[in-house]
1. Is it the case that the range 40-60 has a residue that's at positive phi, under 18 Å from the mean Cα position of the chain (by Cα) and surrounded by fewer than 23 Cβ atoms within 10 Å (Cβ to Cβ)?
2. It is to be established whether one or more residues within the range 11-25 are hydroxyl-bearing (S, T, Y) and either surrounded by 18 or more Cβ atoms within 10 Å (Cβ to Cβ) or touching a Leu at 6+ places or on another chain (Cβ under 8 Å) (or both).
3. Just the residues that are aromatic (F, W, Y) and either within 30 Å of A173 (Cα to Cα) or touching a strand residue (DSSP E or B) at 6+ places or on another chain (Cβ under 9 Å) (or both), please, taken from the range 5-56.
4. Taking the range 73-95 only, how many residues are in a helix (DSSP H, G or I) and more than 26 Å from V191 (Cα to Cα)?
5. Which one is nearest to V216 (Cα to Cα) among residues in the range 11-29 that are in a strand (DSSP E or B) and under 21 Å from the mean Cα position of the chain (by Cα)?
6. Quick check: anything in the range 26-39 in contact (Cβ under 8 Å) with a residue 24 or more places away in the chain and among the acidic types (D, E)?
7. Looking at S169, S195, S214, S151 in this structure, which one is surrounded by fewer than 19 Cβ atoms within 10 Å (Cβ to Cβ), in contact with a Phe, Trp or Tyr (Cβ under 7 Å, 6 or more places away or on another chain) and on the phi < 0 side of the Ramachandran plot?
8. Look through E223, E232, E244, E236 and report the one residue that is at pLDDT below 95, in contact with a helix residue (DSSP H, G or I) (Cβ under 8 Å, 6 or more places away or on another chain) and not in a strand (DSSP E or B).
Amino acid sequence: MNIIVPIKQVPDLVEELEINAAGTDLDREWLKMKLNEFDDHALEEALLLKDEQGAHVTAIALDGDDIDKALFAAAAKGADRLVKVTGVQAGSTHEAARAMANVLGGMEYDLVMTGVQSVDDRDGQMAVLLAHYLGIPHISVVTGVQAAGGSITVHKEYGGGMVAEFEASLPVALGIQAARETPRYVPVAKVRRASRDANIEEIAAGDVSVSAGSAVAKMYKPETGAGAEMIEGSAEEQAAKVLEILKQKGIK
């Protein structure tokens, strides 16, 4: 079984985020990046299938700042092949998916497993769009994968805590929300060793022109309000105060 796992770096939300002078993006000069949490879960689920089925796992990423480090970390965790897609600066998920699909079209795969979303997505549709460009089915919000023969069984989460079980024939694209186990940790020393021993293949993205997508018109920090008013007293006193506030605001 061949599994492809697209990964990406996203802004670390622990850091203080600043907006650039144009007001259309974050100021990325000193921005700290980290592996997208959901992609980390996708990689972990792929590695679990490798442990169980002897699958071959390929980590693939668009070229960008510090992406080599993320790919080497994937190798340190157990990925067998590393691929970097060059020649594209994807401005939307649609362009990123098209670039990935162009490269995947020349590779052998049974499963394409990517994170269900990321903090810098505007649509969270990477798995859907990859399936579209590759002409294969997809299932998203997946919380577990089991493989047997030429098919897989997946658990898909719905609202309200409901979980459905699907069986799908291969190949298929999956949007992973959570792996069955917590993503494994690798020490920095092991990542450094992987950077010496592992090889990153570079493949050109090709034509990534798409007829759909979105662009950021403006970014800004939300205005800070005056804060909440805490209402003291008994339940009857609080209810009377709420009623008075509603009347003052003209709500009948």
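1. First, the residues of the range 40-60 that are at positive phi: 54.
Now drop any that are not under 18 Å from the mean Cα position of the chain (by Cα), which leaves none.
For the range 40-60, residues at positive phi, under 18 Å from the mean Cα position of the chain (by Cα) and surrounded by fewer than 23 Cβ atoms within 10 Å (Cβ to Cβ): absent.
2. First, pick out the residues of the range 11-25 that are hydroxyl-bearing (S, T, Y): 24.
Right, trim to either surrounded by 18 or more Cβ atoms within 10 Å (Cβ to Cβ) or touching a Leu at 6+ places or on another chain (Cβ under 8 Å) (or both) and you get none.
So far as the range 11-25 goes, no, none of its residues is hydroxyl-bearing (S, T, Y) and either surrounded by 18 or more Cβ atoms within 10 Å (Cβ to Cβ) or touching a Leu at 6+ places or on another chain (Cβ under 8 Å) (or both).
3. Within the range 5-56, the subset aromatic (F, W, Y) is 30, 38.
Correct list: F38 only.
4. Step one: of the range 73-95, the residues in a helix (DSSP H, G or I) are 73-77, 93-95.
Then keep just the ones that are more than 26 Å from V191 (Cα to Cα); that gives 93-95.
Here the count works out to 3.
5. So the first thing to find is which residues in the range 11-29 are in a strand (DSSP E or B), and the list is 11, 19, 26.
So of that shortlist, the ones also under 21 Å from the mean Cα position of the chain (by Cα) come out as 11, 26.
Values: P11: 16, L26: 11 Å.
The residue in question is L26.
6. Among the residues of the range 26-39, at least one is in contact (Cβ under 8 Å) with a residue 24 or more places away in the chain and among the acidic types (D, E), which makes the answer yes.
7. Values: S169 fails: in contact with a Phe, Trp or Tyr (Cβ under 7 Å, 6 or more places away or on another chain); S214 fails: in contact with a Phe, Trp or Tyr (Cβ under 7 Å, 6 or more places away or on another chain); S151 fails: in contact with a Phe, Trp or Tyr (Cβ under 7 Å, 6 or more places away or on another chain).
Within the list S169, S195, S214, S151, the selection yields S195.
8. E232
The values are calculated or read from the model by the stated rules, or taken from the named source; none is laboratory data. Quick caveat, the model's predicted, so the values are computed rather than measured. With ideal geometry, Cβ positions are generated from the backbone for all residues, glycine too; neighbour counts draw on all protein chains shown.
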